[in-house]
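The structure appears right after this line, and notes come after that.
Read-outs throughout are calculated quantities, based only on the coordinates presented, and are distinct from any laboratory measurement. Source: prediction; values computed, not measured. Cβ atoms come from the backbone with ideal geometry, glycine included; neighbour counts cover every protein chain shown.
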Amino acid sequence: MTSRKRALLQLPQGAESFYLEDAHRHRRIMDRIEHVFESWGYLPIQTPVFDFFGVYEGLIPSRDARSIYRLIDREGDLLMLRYDNTLFLAKQMGLMLTEAELPVRVWYADTILRHQDAEDISNDEFFQTGVELIGKPGPDAELEVLVLLDRVLNEVHAPPRVVHLGSRALLHAIVDPEAAEAAGKLRRAVALRRSTEVAELCVANGCSEDRAAFLAELFAFIGTPEELETLLSTADAAGKLNELERDALRYVERIAEEYARLELQAELRIDLSEVGSQPYHTGVVFNVYMEGLGSAVASGGRYDSLLSHFGFDAPAVGFSILLRKVEQYLSIESAATEAAHAIQVEGENFADRLRQADAVRADGRVALL
């Protein structure tokens, strides 16, 4: 290959493309997912490729701001490429929805771009699909999106998985979200399960050493609703929980108990180190993990104040799947498998072969002219 041809074929760092069999398989997977979404009453929405950066500044974690692809438009305004479908979708919904339309169910499927570490150059471009349920408060909304996520992953034959259910509301009950720096430090320590650091940060935020030790233990909890009930009963008897903390934990417990009754394929664990990765999370949050993958393949939660940032106050909950991350683990036939069973039609001329091919295709099979 000549140097000129190599330069023409080279993609920018982090860009992703897939061709032929991979693209066909991806399309088949999305067809199945779209069918499930729409059978549940969710309608498609298309978010813009780029928008004004300043609109979203307060909604993006400071550590993530550096990962956003930005550009200057012809008028000199600073723009950002689509970093997160939920943010762009929230702006669209906030500007166009009315109370009379609620609840609204929408789904999306599109590329997002986030710059990653230099060692992970293949993952700047992601294909993200998911849903948003807007205008429905209460645990039934969380249960709806959790069940829908399970049905979608079942439809594409995803391998065994575990849902880790936690709460951003618990974190907000302990440290004021308006104290952004303190809340951010505590969130990161909790998410990384650094119990010693969690205790130190709680002390720095005014907790006694005994309460800080309890909170560090609380955030390290992973278990069943029954195990959480034991912990809560003990903590209540000792007066270790305030009302907001108790309410946040009881809400998580209630959803986990209801989930267990549904006999879904994915196992669910209450994991209080799951506190949400985005500033707009307000309540229950969750991540879905599969064996062999070091990070979540799907995530979601409640964000009741996000739409109000764009002028429309309504509760919302949703999930997203980083689809390309899991496609290799899904048992969906590729184009190559279908082509191997394709029928090569024969005939004396093109018109004759076309008639035979049309008959084969009308029977639901693949025909080659």
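Computed values, structure above
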item: Part-to-part distance (alpha-carbon centres) for the range 41-120 and the range 267-319, which is given in Å; result: 16 Å
item: Placed amide H near VAL366: partners under 5 Å, 5+ positions off or other chain; result: ILE343
item: Local electrostatic count, VAL106, Cβ distance below 14 Å [Lys/Arg +1, Asp/Glu -1]; result: -3
item: Per-residue Cβ neighbour rank within 10 angstrom, fewest leading, THR129, THR230; result: THR230, THR129
item: Most mobile listed residue (ASP358, ASP77, ASP271) in the chain, GNM with C-alpha springs under 10 Å; result: ASP358
item: Furthest towards positive pole of dipole, PHE219, ALA189, PHE350, structure part the chain, Cβ charges; result: PHE350
item: Dipole axis of the range 249-369 (+1 Lys, Arg; -1 Asp, Glu on Cβ), positive-most option in GLY283, HIS309, SER273; result: HIS309
item: Amide H within-cut-off set for HIS115, under 5 Å, with H built and near neighbours excluded; result: ILE68, TYR69
item: HN-Hα J in Hz across the range 74-80 - Karplus 6.51, -1.76, 1.60, θ = phi - 60°, x for Gly and Pro; result: 5, 8, x, 7, 7, 10, 10
item: Of LEU170, LEU264, LEU323, the one that fluctuates the most in a GNM where the chain has Cα springs shorter than 10 Å; result: LEU264
item: For the range 235-369, projected area of the alpha-carbon convex hull averaged over all directions, nm²; result: 15.3 nm²
item: Top of THR196, THR282, THR86 by mean-square fluctuation, Gaussian network on the chain, Cα under 10 Å; result: THR196
item: Relative counts (whole %) of C-alpha pair distances in the range 19-165, using bins that are 5 Å wide; result: 2, 8, 15, 17, 19, 17, 14, 7, 2, 0, 0
item: Equivalent ellipsoid semi-axes - Cα gyration tensor, the range 160-290, angstrom; result: 24, 17, 13
item: Peptides ranked, highest mean first, by Cβ atoms within 10 Å: ranges 184-194, 283-293; result: 283-293, 184-194
item: For the chain: span of alpha carbons on each principal axis (Å, largest first); result: 89, 54, 48
item: Using θ = phi - 60° and Karplus 6.51 cos²θ - 1.76 cosθ + 1.60, couplings along the range 192-205 (whole Hz; Gly, Pro as x); result: 8, 6, 9, 4, 4, 5, 4, 4, 5, 5, 5, 4, 5, 8
item: Relative exposure of SER320, SER299, judged by other C-beta atoms within 10 Å (fewest first); result: SER320, SER299
item: Vicinal HN-Hα couplings computed from phi for the range 179-189 (Karplus, 6.51 cos²θ - 1.76 cosθ + 1.60; Hz; Gly/Pro x); result: 7, 4, 5, 5, 5, x, 5, 5, 4, 5, 5
